[in-house]
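Let me begin by presenting the structure, written as structure tokens, before commenting on it.
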């Protein structure tokens, strides 16, 4: 699976990549800005995008909208990553149509499982 990890914080990207590469056989591509994410997503179709919500220049919401305009990312699952944990903020991200939200700081040991849980189909019995 090709994962595009978008975060302006080098340390967060490093920790996430270490956690994901240790647990999963995923190809991780890193972007340090919304603009870089758009460029990378337009070149190769990612299977998943992990998107930081608070970045300088272009925030996560703006980046999300621009990614959805790309043929290569219009249907790609996007998981938001944020340090904002107020319920109304989390709910506003879900309204955008994303797949889920990962709260930062996250545990790199459980990050892969958290992503898999978000992507798993929901069953209503």
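Where a number appears in this text, it was derived from the coordinates with a stated rule and is not lab data. All figures in this text were calculated on a predicted structure; none of them were measured in a lab. Here the Cβ is made from the backbone with ideal geometry for all residues, glycine too, and neighbour counts use every protein chain on show.
Structural remarks
- The slack in the chain from residue 117 to residue 83, taken as 0.36 nm per residue of separation less the alpha-carbon distance, amounts to 10.3 nm.
- The Cα atoms of segment 1-61 cover 32, 25, 14 Å along the three principal axes, with the biggest extent listed first.
- Full extension of the segment from residue 9 to residue 54, taken as 0.36 nm per residue of separation minus the current Cα-Cα distance, would add 15.2 nm.
- Residue 74 versus residue 32: modelled label distance in nm, points set 7 Å from Cα along the beta carbon direction: 3.2
- Estimated [θ] at 222 nm from DSSP helical runs (n ≥ 4, -39500 (n - 2.57)) normalised by residues in the chain, nearest 500: -12000 deg cm²/dmol
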